[in-house]
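Notes follow the structure.
Read-outs: derived from the displayed coordinates by stated rules, not from any lab. Just so it is clear, the structure is predicted and the values come from calculations on it, not from any experiment. Cβ sites come from the backbone with ideal geometry, for glycine too, and all protein chains shown count toward neighbours.
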Amino acid sequence: MKVLIEQAKKAIQNCYAPYSQFRVAAAILDDAGKIHIGVNVENVSYGMTQCAERNAICSAISKGAKSITAVVIYTPTETPTPPCGACRQVIREFASNATVLSVCDSENRIESTINDLLPLSFNQKQHLS
């Protein structure tokens, strides 16, 4: 997890957050052991904003990853920020057993699983049955 945290912290400078000034970076580990990075990219039309977690996951999938084993979310704040609801559902799609770790500039952390963050979620088993 240490390498994922370092990569997310390094990527924070690439965020595009001129409207909220709330920067988020994510680093994920795929099933082949590769790291993928994402940052939030805002749009003046807020609904078009892309979250760091979803950017990282889409990058991984577009490069051939089949699943995600770990997700690290970094915010340069005093308290960690867990993923939003939309990101939780996307994480659920590709990382059903992954560790999800939210870190910040203090020692505070939130470590959980997607099942903890999104209990009773809509999932592939329900959809395909």
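Work through the residues other than ALA32 whose Cβ is under 11 Å from its Cβ and net out their charges, Lys, Arg +1 and Asp, Glu -1. All intermediate terms of the calculation are to be shown ahead of the outcome.
Details: positive: LYS34, LYS63, LYS66; negative: ASP30, ASP31.
Net charge around ALA32: +1.
Rounding to the nearest 20 debye, state how big the charge dipole of the chain is about its Cα centre with +1 on each Lys and Arg Cβ and -1 on each Asp and Glu Cβ.
That gives a dipole near 320 debye.
Run the count for the chain, please: Lys pairs, Cα-Cα under 20 angstrom, 8 or more apart or on different chains.
Qualifying lysine pairs in the chain: 7.
Packing-wise, with mean Cβ within 10 Å as the measure, how do 23-30, 63-70 rank, highest first?
Order by mean packing, descending: 23-30, 63-70.
If you build the convex hull over the alpha carbons only and average its shadow over all orientations, what do you get for the chain? Give it in nm² to one decimal.
For the Cα atoms of the chain, the hull's average projected area reads 8.0 nm².
Order the peptides 85-92, 41-48 from the highest to the lowest mean number of other Cβ atoms within 10 Å of their residues. Please list the in-between numbers first.
Working: 85-92: 18.0, 41-48: 10.5.
My ranking of the peptides, most packed first, is 85-92, 41-48.
Treat the count of other C-beta atoms within 10 Å as a stand-in for reagent exposure and order PHE22, PHE94 from fewest to most. Mind dumping the intermediate values first?
Working: PHE22 13, PHE94 21.
In order of increasing Cβ crowding within 10 Å: PHE22, PHE94.
Given only helices, namely DSSP H runs of n ≥ 4 each adding -39500 (n - 2.57), what is the per-residue ellipticity at 222 nm of the chain, to the nearest 500 deg cm²/dmol?
-8500 deg cm²/dmol
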